[in-house]
């Protein structure tokens, strides 16, 4: 065949035609090679015009290769082919076929054990990432189930840890990871703006029976459409409207940020960027085999990474079967991990009045027991790491573990914070370099406070909040914006120009729609003073190094089945802020003033956020020994000083 005078489009079309015939001729491998060559031969415009058709052809060819590999019991090759086919089916919007491929690939993975299963699983994990382009809740549920089964299959004494870190990345907040990798203001669609305008009326808290472990446990359940209530009154209708809008916000964020830059990070890459004094602990709520019955049991998998090596442990929950708990109460359908009950009880015990002790005896016992499960058995490694010169635990939680006070867990009779600086990250992307606005282009610290911000919402005036903002601003030579000046409009405008931001105000954690978690600032003619998490999302915070909030429960939010976070901390980070320090539970304004003043005094002389957090924690503990006081503050995000991030991933 003479092709010298053929246009590139003609060559590409001919190659695709030949590839299509290879399906009937049993030459799928040859057809796949022809299809790839066609894409390389045709110009970019041709490829873009025919991408769906070519993807469908390639998916069909590779799917046939997978089934042939199954027939010969070449399970690893079959799993790899199914994974490739799944990714191609997604490109041509055949999500159901993609899911079928992943299910078939999972069956292949389960034919193996140990390292062979992990190699096959790695390919399947990579293929599954393409489905993150979907916002369909059913697909999210299917992916959750896939990751759980993969974790169950891969768990064991011969687990491939590189495959495990891939699984953790895919299963833990992939959508949120994509959002923070393209930070900046969310531009809502016109339909979303209309929904936002109609959903900001204040709604009351649902009645206690909605949550089997009480209202305190509400944030620990997975967000899902099943939470909608029977609309028996205007309050219920308003909550349902906010629930729907909350899902729309997440979908809009996902669709506008989902660039599918889905390169997962290998263990060697993580190792290379960790400081010598840091231990990264990635936690995954998964399942493990029961040694006697073989049935799945609920467990916590922990993968620890240091510059020198790795550790992997799995800790089963005693007498608890695998899978999710489902509750149907007062019209709600709620799904939760079995750890919800123990974590709720732990948090409640810590904040209970200790009666002149640092912590109650009950809380002390629970903190000791929780250290084994919440750290997946890796607490036993702490003395060894400490002897190696490690000083910093960077925790990457999962599900309800996001709201565990890890620094208060008791190991060898004392809190982890005695020997360790403890911070959290919601994604490995916080180990990547900071590429946006230079801090030198920003103002220093701006501290905001409104004593009467919550008055029209039934909250008491707190003059101590304005005193706190003034002291924090003075500690760093910053600016305090107080009283009636702290309107939502002024707040959002000033955020974008600050390097550090402190907010001393009442806040409200919205248990049914976390993008409606809010701060109470000063009302104006066009607003009742509330700033919502979704308002923060629409602000450009690239270059903001740290946001600190003394409002109650400002470190909280919620998460979906695949661990994508929502709420105030998530909003600040998705908008571009490098780190957030908030409160895990209500804290007295005087305690917060001591903590945040000490924090910014440290930052005024040294930009190391981690060291400043440690110094403020220690100083506050010396004055307020109760765990519920000094232990309320949680550091989330990038702990490194801006100038030290250039060697990151």
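Structural remarks
- All positions within the stretch 109-119 that are part of a helix (DSSP H, G or I) and at pLDDT 85 or above: 109
- The set of residues in the stretch 211-243 that are free of Cβ contacts under 8 Å to residues at least 40 places away in the same chain and assigned to a loop (DSSP other than H, G, I, E, B) comprises 231, 232, 233.
- Breaking point among (1) surrounded by 19 or more Cβ atoms within 10 Å (Cβ to Cβ); (2) at pLDDT 90 or above; (3) under 19 Å from residue 286 (Cα atoms), for residue 160: (2)
- Flag if residue 134 is touching a helix residue (DSSP H, G or I) at 6+ places or on another chain (Cβ under 9 Å) and at pLDDT below 90: yes
- Top-ranked residue in the stretch 91-108 [being within 9 Å of residue 59 (Cβ to Cβ) and surrounded by 24 or more Cβ atoms within 10 Å (Cβ to Cβ); ranked as nearest to the chain's Cα centre (by Cα)]: 98
- Subset of the stretch 215-239 (residues that are within 20 Å of residue 508 (Cα to Cα) and within 28 Å of the chain's Cα centre (by Cα)): 215, 216, 217, 218, 219, 220, 221, 222, 223, 227, 238, 239
Residues checked against (1) part of a helix (DSSP H, G or I); (2) more than 23 Å from residue 583 (Cα to Cα):
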residue	(1), (2)
269	yes, yes
282	no, no
287	no, yes
333	no, yes
363	yes, no
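- Condition met for residue 512 (surrounded by fewer than 24 Cβ atoms within 10 Å (Cβ to Cβ), within 30 Å of residue 132 (Cβ to Cβ) and within 22 Å of the chain's Cα centre (by Cα)): yes
- Qualifying helices (runs of 4 or more DSSP H) (wholly inside the stretch 562-644; at least 1 residues being over 19 Å from the mean Cα position of the chain (by Cα) and surrounded by fewer than 21 Cβ atoms within 10 Å (Cβ to Cβ)): 589-603, 609-623
- Criterion applied to 399, 309 was being modelled with pLDDT of 95 or more and not assigned by TED's automatic domain parsing to the domain that holds residue 628, and the one residue passing it is 399.
- Consider the stretch 460-472 and keep the residues that are touching a residue at least 60 places away in the same chain (Cβ under 8 Å) and more than 31 Å from the chain's Cα centre (by Cα). The one that is nearest to residue 616 (Cα to Cα) is 471.
- Test: residue in the stretch 191-203 that is part of a loop (DSSP other than H, G, I, E, B), closer than 20 Å to residue 559 by Cα, modelled with pLDDT under 90 and not assigned by TED's automatic domain parsing to the domain that holds residue 541: no
- Looking only at the stretch 39-51, and only at residues there that are surrounded by 13 or more Cβ atoms within 10 Å (Cβ to Cβ) and modelled with pLDDT of 75 or more, the one that is nearest to residue 92 (Cα to Cα): 51
- Condition check for residue 524: crowded, with 24+ Cβ neighbours inside 10 Å, modelled with pLDDT under 95 and either over 18 Å from the mean Cα position of the chain (by Cα) or over 27 Å from residue 180 (Cβ atoms) (or both): no
- Taking (1) modelled with pLDDT under 85; (2) crowded, with 20+ Cβ neighbours inside 10 Å in turn, residue 303 satisfies each apart from (1).
- Scanning the stretch 161-183 for residues that are outside any helix (DSSP H, G or I) and over 21 Å from residue 98 (Cα atoms) turns up at least one hit.
- Output for the stretch 506-525, where each listed residue is in contact (Cβ under 8 Å) with a residue 24 or more places away in the chain, farther than 25 Å from residue 403 by Cα and assigned to a loop (DSSP other than H, G, I, E, B): 521, 522, 523
The values are calculated or read from the model by the stated rules, or taken from the named source; none is laboratory data. All values reported here derive from a predicted model rather than from experimental measurement. Cβ coordinates were reconstructed from backbone atoms using ideal geometry, including for glycine residues, and neighbour counts include every protein chain displayed.
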